[in-house]
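In what follows, a single structure is set out as structure tokens and then discussed.
What follows draws every value from the coordinates through simple rules; no lab data is involved. These figures come from a predicted structure and were not determined experimentally. With ideal geometry, Cβ positions are generated from the backbone for all residues, glycine too; neighbour counts draw on all protein chains shown.
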Amino acid sequence: MRQELQSLPKTLADDVARNLVMVARLIDEDPEGAYGYSRVALRLASRVAAVREAAGFAAYANQKYGEALAEFRAARRMTGSVELWPVMADCERGLGRPEKALDMAGAPEVHKLDKAGQVEMRLVAAGARRDMGQLDAAIVTLQSPELASNSVQPWTARLRYAYADALLAVGREREAREWFAKAVEADRDGSTDASDRLAELDGVEFTDALDESDGDDAATAEAKDAAGDRVDEAGAAGESDKADESDKADESDKAGEAGEG
């Protein structure tokens, strides 16, 4: 990216770089914010491939699949790289065109991808099969040497997770549980919710700590209200007793006055 930006005047290159850094920083937790920065970078340097790619990923993160696909295509034209092929195919899925995604999965470009790219393409193709209701075909699509391997690679957790989810979709719950467990073993950075899915299959229920806190607060408030009511009742009773005693004293005084008369 730095090399691409060197073609720009320094001040402009610095502005573009700052916006691209913000895109990368925000894209996971604040996709809308990342998208905003990507549009600024795009206005500043639309002829830079890294900018078009970043704009594509920001649009993709916001489910703007048509826009993302256009940006990815532009970046690919500029670089000639096939690296974006899998995410371009996934954009076709997002646009409701799983058949197009499958066509891309069988294209010559796939053979030019590195191992990670080929696994990503397999995941996209399996998703397209599921989009088309071809659940068993999705399972077959995911079956591969990468899935069977015991070594843990950056894609391992997601591949095992997708396979487990596909098995569960056809009712093969026992096998799905096994593969969710394998996904948990490989998911070192928590990129999937495999542990939650596994717990769900095991019948484990999680209680939200915030909900418990809210419940405790409500119970405490109720207890305080009840205590307040008791104090009010006791106060009212005390006032009543004092009034009775005062009345009795008045009657006694009157009786004494009558006796003296």
- Query: Given R₀ = 35 Å, FRET efficiency for Arg47-Val170 by Cβ-Cβ distance, to 0.05?
  - Reply: 0.15
- Query: Taking amide hydrogens as modeled 1.01 Å from N in the peptide plane, which residues meet the under 5 Å criterion relative to Val48, leaving out close sequence neighbours?
  - Reply: none
- Can you list the HN-Hα couplings for the stretch 85-99, worked out from phi with the Karplus curve (6.51, -1.76, 1.60; θ = phi - 60°), rounded to whole Hz and with x for Gly and Pro? 4, x, 6, 5, 5, 5, 4, 4, 4, x, 8, x, 10, x, 4
- Task: Under 1.5 on a/c is rounded, so check that first for the stretch 1-81, then, if it is not, pick prolate when a/b is larger than b/c and oblate when it is not; a ≥ b ≥ c are the square roots of the alpha carbon gyration tensor eigenvalues.
- Result: oblate
- Whole-Hz couplings from phi, Karplus 6.51/-1.76/1.60, listed for the stretch 58-65; x for Gly and Pro: 5, 5, 4, 5, 9, 6, 8, 5
- Note on the structure: Least to most buried among Glu109, Glu205, by other C-beta atoms within 10 Å and fewest first, runs Glu205, Glu109
- In this structure, the FRET efficiency calculated for Asp193 and Asp103 from their beta-carbon separation, with R0 = 35 Å, to the nearest 0.05, is 0.70
- Residue by residue through the stretch 24-35, the couplings from Karplus 6.51 cos²θ - 1.76 cosθ + 1.60 with θ = phi - 60°, in Hz, x for Gly and Pro, are 5, 6, 9, 4, 7, 9, 9, x, 5, x, 4, 4
- Task: Using only Cα atoms, figure out Rg for the stretch 97-170 and give it as a multiple of 2.2 N^0.38 Å.
- Result: 1.05
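Rank these for me by crowding, Tyr163, Tyr60, going from fewest to most other beta carbons within 10 Å.
If I rank by nearby Cβ atoms, fewest first, I get Tyr60, Tyr163.
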- Message: Give me the percent relative contact order of the stretch 1-81, please, defined on Cα pairs under 8 angstrom at least 6 residues apart.
- Response: 24 percent
- Query: Once label points are set 7 Å from the Cα along Cα→Cβ at both Glu185 and Leu135, what is their separation, rounded to one decimal in nm?
  - Reply: 2.6 nm
- Note on the structure: Least to most buried among Glu83, Glu71, Glu175, by other C-beta atoms within 10 Å and fewest first, runs Glu175, Glu83, Glu71
